[in-house]
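Each value in this text was obtained by applying a stated rule to the coordinates, not by laboratory testing. As the structure is a computational prediction, the values presented were derived from the model and not from experiment. For neighbour counting, all protein chains shown are included, and Cβ atoms are generated from backbone atoms with ideal geometry for every residue, glycine included.
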Amino acid sequence: MVKLKFFSIACVGSLLAACASQPTFRYQPPEAASGYTEKVGVVANKFMVAAANPLATDAGYQVLKSGGSAIDAAIATQMVLTLVEPQSSGIGGGGFLMYFDGRNVKAFDGRETAPASATDKLFQGPDGKALPFIQAVVGGRSVGAPGELRMLEMAHRQYGRLPWAALFAPVIKLAEEGFMVSPRLATLLAAEKNLKQDADATAYFYDADGKPWSAGHLLKNPALAKTMHEIADGGADAFYKGRIARDIANKVQGHPTNPGGLTEADIGGYEAKMREPICSDYKLWTVCGMPPPSSGGIAIAQILGVLEQRNMAAWPPVDGVLNPEGVHLFAEAGRLAFADRARYVADTDFVPLPEHSAASLLDKNYLATRAALIGSRSMGIAKFGVPAGMPVALGLDTSPELKSTSHISVVDAQGQSVSMTSSVEDAFGSRQMVDGFILNNQLTDFSFDAADANGPVANRVQGGKRPRSAMAPTFVFEKGTRKLMLSVGSPGGSAIINYVGKVLIGMMDWGLNVQQAISLPNFGSRNGPTELEQGPGADVLAAALKAKGHDVRVMEQTSGLQGIMRLTVHGEDVWFGGADPRREGLVKGD
């Protein structure tokens with residue numbers, strides 16, 4: 001049962017006057033989080049933010065309450081995530097941001113770039129074979145030029161209402177005064193094997209006896225506070241030029257066993273980009289997602305385009321228990337989409353899509369021929385299709401794509417919205433800490449193999465290139481009216497595509513609200529085994545799918561979905577937010 005929590009509009013009296021006259025706010029952190037075990041849907045009338053940690057959510061909430069825009073709130077929220085959820089995202093990484101300005105959707109690309117010196121042999125040993133994953137990750141080799149701050153600055157220049165510097169008040173206060181280590185951070189620290197190789201990380205994350213901090217420990221980060229002060233005062237240039245860029249380059253190049261090639265010039269030359277969003281219709285809705293170098297928008301549009309040939313509405317879950325036929329169809333559509341993804345999708349500045357757009361991959365006739373491959377039994381491993389205009393053969397991608405990522409959804413008082421997914425790639429990224437933040441290992445999202453018998457791999461390493469991602473910040477609109485109906489996204493490596501797809505089908509076909517859809521067990525296929533989330537009913541579902549020829553894996557699937565949808569309550573439109581029960585996320589609004 002999803003409980004509804006109602007909020008009243010609180011920006012009244014003198015506070016309203018302050019909102020109107022002062023383009024800033026005073027940040028006060030909330031009481032320490034005590035752990036959230038039950039996630040409930042939250043209703044608000046005016047604005048809302050959903051993020052992966054209660055402290056981060058509160059920062060965004062206070063920005064919205066002070067008259068800030070959705071992008072203002074996202075910036076404040078993400079800066080706090082850098083501090084309180086360092087294993088997942090932060091200013092040492094990158095991300096993708098979808099923005100709805102009330103009329104149009106804009107796609108901001110803050111994906112990391114490979115050093116100019118990088119070649120397609122970056123993750124190969126002297127024998128030409130791919131390096132073991134963890135050997136590639138830990139150290140400087142895997143670090144790309146971070147893109148998050150340039151992306152956020154670009155978006156703020158267009159859509160910010162509060163001053164840039166004001167948005168850093170929450171993270172600076174928390175970094176200086178301390179925050180309580182969350183249960184999730186403590187759990188991941190306890191399991192981490194490689195972070196102690198870095199002296200700065202060891203000094204910060206572990207006590208004098210070398211033991212990781214436990215949940216509830218008050219942790220201060222003066223180095224990050226200094227970094228954030230400089231960025232607040234000097235803009236993104238304070239990060240990309242001068243002391244911080246020099247510190248990053250020295251750290252990467254100076255790693256004692258696995259140095260990387262990232263230079264000050266690579267960092268200083270980084271540019272965020274505007275991209276054309278991937279939008280397609282599905283029944284009564286229009287779904288917009290992130291274009292390459294993310295594969296999320298295309299893969300989700302392909303899954304929906306294939307499923308539109310079938311009646312998914314006929315196979316809803318009952319009391320949260322999934323229907324085997326619904327899972328079968330979703331998994332088979334996923335196989336087809338992931339087969340195309342592994343063959344064609346990469347940074348389009350280097351490797352164009354067929355006919356130089358996503359149109360041929362999303363063509364209705366092409367997807368109908370793909371859908372016709374789905375029968376009553378699983379196809380096992382799907383073969384990639386051949387869309388119109390595919391001029392050359394491409395090899396099969398072999399990137400590992402792990403799961404440490406975070407997602408923020410925001411709707412502001414003007415109805416503008418953010419869906420932003422950000423990442424450092426693996427848990428604690430490259431296991432290198434500098435100036436109070438973790439450096440990414442996003443270059444391991446490239447294919448370790450540069451080519452196979454079919455030709456060069458689209459997602460091979462190239463200097464200045466952005467590695468392909470599965471991040472899938474997504475909007476859903478009412479078709480025709482372009483009325484915003486949903487902002488959603490998730491961490492989870494390549495499984496992000498299935499996590500977000502599950503929520504979309506749950507909402508559009510099965511009539512679930514966003515919290516119900518998020519809370520459903522995760523399921524799908526990445527063109528390998530059919531993956532089911534551990535939990536009640538999983539064994540029965542697995543048996544039914546095995547009878548259809550599926551190779552089933554029952555496993556943990558720790559999504560971190562955050563979503564905000566438009567809902568009608570007592571005849572009035574309200575915002576209804578949901579957070580993933582599998583993580584520490586929180587929704588808050590007025």
**Message:** Can you classify the stretch 401-516 as rounded, prolate or oblate using the Cα gyration tensor, where a ≥ b ≥ c are the square roots of its eigenvalues, rounded means a/c under 1.5, and otherwise it's prolate if a/b beats b/c and oblate if not?
**Reply:** prolate
**Asked** Among 188-201, 556-569, 332-345, what's the highest-first ranking by average C-beta atoms within 10 angstrom per residue?
**Response** 332-345, 556-569, 188-201
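Compute the relative contact order of the stretch 533-588 as a whole-number percentage, counting only Cα pairs closer than 8 Å that sit 6 or more residues apart in sequence.
Details: 57 pairs, mean separation 14.9, N = 56.
Value for the stretch 533-588: 27 percent.
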**Asked** What size of dipole, in debye to the nearest 20, comes out for the stretch 198-296 about its Cα centre when the only charges are +1 on Lys and Arg C-beta atoms and -1 on Asp and Glu C-beta atoms?
**Response** 120 debye
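Rounded to the nearest 5, what % of the DSSP beta bridges within the chain are antiparallel ones? Could the numbers behind the result be given before it?
Details: 73 of 82 bridges.
So the antiparallel bridges amount to about 90 percent of the total.
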**Request:** Using a 10 Å cut-off on Cβ atoms, rank the peptides 571-583, 235-247, 115-127 from the highest mean neighbour count down.
**Result:** 571-583, 235-247, 115-127
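Span-like helices, the chain: DSSP H, alpha-carbon axial extent 20 Å or more, mean Kyte-Doolittle -0.5 or greater, which ones? Walk me through the numbers on the way to the answer.
Details: long enough: 70-84 (21 Å, 1.71); 324-344 (30 Å, -0.21).
Correct list, ordered by number: 70-84, 324-344.
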**Relative contact order of the chain, defined on C-alpha pairs under 8 angstrom at six or more residues apart (%)** = 23 percent
**Asked** Can you give me the Cα centroid spacing of the stretch 203-227 and the stretch 242-266 in angstrom?
**Response** 23 Å
**Prompt:** What are the radius of gyration and Dmax of the chain, computed over its Cα atoms and given in Å?
**Reply:** 22.5, 71
**Request:** If a/c stays under 1.5 just call it rounded; otherwise compare a/b with b/c (prolate if a/b is bigger, oblate if not). Do that for the stretch 42-133, with a ≥ b ≥ c from the square roots of the Cα gyration tensor eigenvalues.
**Result:** prolate
**Request:** Would you be so kind as to identify which of Met471, Ile244, Gly436 lies farthest towards the positive end of the dipole of the chain, taking Lys and Arg as +1 and Asp and Glu as -1 on Cβ and the Cα centre as origin?
**Result:** Met471
**Prompt:** Ordered by packing density, taken as the mean number of other Cβ atoms within 10 Å over each peptide's residues, highest first, how do 72-82, 507-517, 176-186 rank?
**Reply:** 72-82, 507-517, 176-186
**Prompt:** Summing +1 for each Lys or Arg and -1 for each Asp or Glu, what net charge is found among the other residues whose Cβ lies under 12 Å from the Cβ of Gly415?
**Reply:** +2
**Nearest-0.05 FRET efficiency for Asp363 and Thr119, computed from C-beta distance (R0 41 Å)** = 0.70
**Calculated [θ] (222 nm, deg cm²/dmol) that DSSP helices of n ≥ 4 give over the chain, each run adding -39,500 (n - 2.57)** = -9000 deg cm²/dmol
**Relative contact order %, the stretch 50-156, counting alpha carbon pairs below 8 Å whose residues are six or more apart** = 25 percent
**Request:** Check the straight Cα-Cα distances from Lys465 and name the lysines below 20 Å, setting aside those fewer than 8 residues away within the same chain.
**Result:** Lys121, Lys273
**Request:** Using θ = phi - 60° and the Karplus relation 6.51 cos²θ - 1.76 cosθ + 1.60, list the HN-Hα couplings for the stretch 202-219 in order, rounded to whole Hz, with x at every Gly or Pro.
**Result:** 4, 5, 8, 8, 10, 7, 5, 8, x, 8, x, 4, 8, 4, x, 5, 7, 10
**Asked** Once label points are set 7 Å from the Cα along Cα→Cβ at both Thr257 and Ala165, what is their separation, rounded to one decimal in nm?
**Response** 4.5 nm
**Item:** Whole-Å distance, taken between Cα centres, linking the stretch 38-112 and the stretch 512-587
**Value:** 22 Å
**Prompt:** Taking the Cβ of Leu152 as the center, what net charge do the other residues with Cβ under 15 Å away carry, scoring Lys and Arg +1 and Asp and Glu -1?
**Reply:** -1
**Asked** Regarding the stretch 455-590, what is the average projected area of its C-alpha convex hull, in nm²?
**Response** 12.6 nm²
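Compute the length gained on full extension between Lys546 and Asp281: take 0.36 nm times their separation in residues and subtract their Cα-Cα distance, giving the result in nm to one decimal.
Numbers: separation 265, 0.36 × 265 = 95.40 nm, distance 3.25 nm.
Working it through step by step, the gained length comes to 92.1 nm.
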**Asked** Among the listed pairs Lys226/Lys251; Lys502/Lys546; Lys46/Lys220; Lys65/Lys173; Lys129/Lys251; Lys479/Lys502, which are separated by more than 25 Å between their Cα atoms?
**Response** Lys46/Lys220; Lys129/Lys251
